[in-house]
1. How large is the Kirkwood hydrodynamic radius of segment 97-205, in angstrom, based on all distinct alpha carbon pairs?
2. Specify, per residue and in Å³, the volume enclosed by the convex hull of the alpha carbon atoms belonging to the chain.
3. Whole percent per 10 Å bin, from 0 to the bin with the longest distance: what is P(r) over all C-alpha pairs of segment 118-276?
4. Would you mind checking segment 122-163 for residues with the amide N under 19 Å from a putative spin-label position 7 Å along Cα→C-beta of residue 99?
5. Take every Cα-Cα pair in segment 1-141 and report what % of them are more than 20 Å apart.
6. Debye calculation, C-alpha points only, no solvent: report log10 I(q)/I(0) for segment 64-120 at q = 0.13, 0.17, 0.29 Å⁻¹, in the same order as the q values.
7. Given contacts defined as C-alpha pairs under 8 Å and at least six residues apart, what's the relative contact order of segment 7-172, whole-number percent?
8. Could you work out the Kirkwood radius for segment 138-180, taking every pair of different alpha carbons, averaging 1/r and inverting it, reported in Å?
C-alpha cells in the first residue's frame, strides 16, 4: 500500500495501479473513461460527441440509493471528490462497505462527511478534508480494503438531485496485514442541564487509531457553550477517563472562546454564524 500522503514516497516506483471512478467511468476499468454516448447525456456537452464530457454527473431520484463505487481488491481509496446541491448535505447518506460487510463501516450524511455542518457550505483547508470555493468537497483519508469496497449514496430527500458529480480515485495494490479499516460514526443529540453530555463515539472494540472528530454545535441559550471538555474512556475506564482536555475550543486547537474562525492542516474552527 503506497504511502501517497508522504511526499518522500513520490519518487518510489511501486506495483500499484491507479484507477478512478466517476460518472464518465463508473467501473473504473482501464481505458473505460469518456465512453458515454450522447443518448446518456446529463445536461452536459453532449453536442461534442462521444469522448467529450457527455456524462459528468448522475441524477439521484428521491428515496433511492445509488452505488458510486464497486471495486475488487486489494487496494486503497485515496481521494474522493463530490459536488452537488447543498440541500443534499444532510439528506443524502454516504455508506462504505469493506470486504464482505453487510453493515456499513461508514454511515454519515454527505455534508458531515466533509465536515460541513448544519447543511451549510463553507471553505475548509485541512490535510485530510478540503472544501473549496463553490462546494468542491475533497476527502484524502486513506481507506484500505482487502477483497472488496463498495460506496453508496442514499437520497432521503423528497425531490431529485439532478446533478451529483463525484470522482473516487484508488490504487490497486497489496494491503499490509497491520492496515486497519476506515470507520466513521455520526450522531446528534440535544444537550440539556439534565443530560449535559454528547457522546462522540461509542461501542468500539479491538485495536485501532482514533483519527479525528468533526463537531457542529448550535447554541440555543446565552453564555459560553464550550466549557465542557472532550473525554476519552479507554479499555475499561468507568467513571473517570484516561484522556481529558481543558475545554471544547482547546480540543480543536483554539483558546479563550475561539475569537475568530480558522482552518489549518490538522484542526480548525471554520464556521461561526449568529442568527438574527
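1. Mean inverse Cα-Cα distance, inverted, gives 16.7 Å.
2. 177
3. 7, 28, 36, 24, 6, 0
4. The answer is 142-151, whose backbone nitrogens lie closer than 19 Å to the label point.
5. Values: 5777 of 9870 pairs.
Result for the distance tail: 59 percent.
6. -0.38, -0.63, -1.35
7. Details: 392 pairs, mean separation 56.3, N = 166.
Worked out over segment 7-172, it gives 34 percent.
8. For segment 138-180, inverting the mean 1/r across all distinct Cα pairs yields 13.6 Å.
Each reported figure results from applying straightforward, stated rules to the coordinates on display, with no laboratory input. In this text, all values refer to a predicted model and were calculated from it rather than measured experimentally. Using ideal geometry, Cβ is built from the backbone for each residue, glycine included, and neighbour counts are taken over all protein chains shown.
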